[in-house]
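Data block below; observations after.
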């Protein structure tokens with residue numbers, strides 16, 4: 001992204017709550033079923049809780065049963081970055097905001113069609129804008145796939 005947001009830890013501490021800083025900047029995790037958006041069913045856009053970049057649409061949100069907001073695709077492939085996370089004695093794929101580098105959560109390969117992915121995110125890593133549902137072009141991961149079935 002060309003509008004990258006870069007701040008020092010001190011600058012981030014001034015604009016984020018202590019819990020948001022722990023999750024977004026120190027790669028923490030909120031407890032399941034406690035965040036604001038795990039059970040949100042409104043239409044809109046989920047943005048980065050640190051910098052406001054648009055990341056996910058309610059159109060790709062689904063109930064994973066995990067207690068965290070889950071999506072099967074980001075707004076665009078450029079919305080998020082992914083990197084290997086070997087913390088906690090396991091290998092996972094961490095998801096960060098491509099604009100500011102904030103930790104959002106992890107992506108797993110056990111999600112629904114059409115992508116088979118589950119972006120499992122911390123609510124505190126997100127903000128919600130109910131005024132928009134879709135921005136830009138759909139994620140490339142969706143472009144060549146059939147739409148999901150109407151199954152729950």
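Taken together, the values in this text are just the output of simple stated rules run on the coordinates, not laboratory data. A quick note: this is a predicted structure, and the numbers were derived from the prediction, not measured. As a convention, Cβ positions derive from the backbone with ideal geometry for all residues, glycine included, and neighbour counts pool all protein chains shown.
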* If R0 is 30 Å, what FRET efficiency do you get for residue 86 and residue 131 from their C-beta distance, rounded to 0.05? -> 0.15
* Asked: What full-extension length gain, to one decimal in nm, is calculated for residue 3 and residue 18 as 0.36 nm per residue of separation minus the Cα-Cα distance?
  -> 2.9 nm
* To do: Could you work out how far apart the two model spin labels at residue 39 and residue 62 are, taking each label as a point 7 Å from the Cα in the direction of the beta carbon, and quote it in nm?
  => 2.1 nm
* Relative packing of peptides 110-119, 49-58, 34-43 - highest average C-beta neighbours within 10 Å first -> 49-58, 110-119, 34-43
* For the range 14-134: rounded, prolate or oblate by the Cα gyration tensor [a/c cutoff 1.5] -> rounded
* Protection proxy ranking, peptides 14-26, 71-83, average beta carbon neighbours within 10 Å, highest first -> 71-83, 14-26
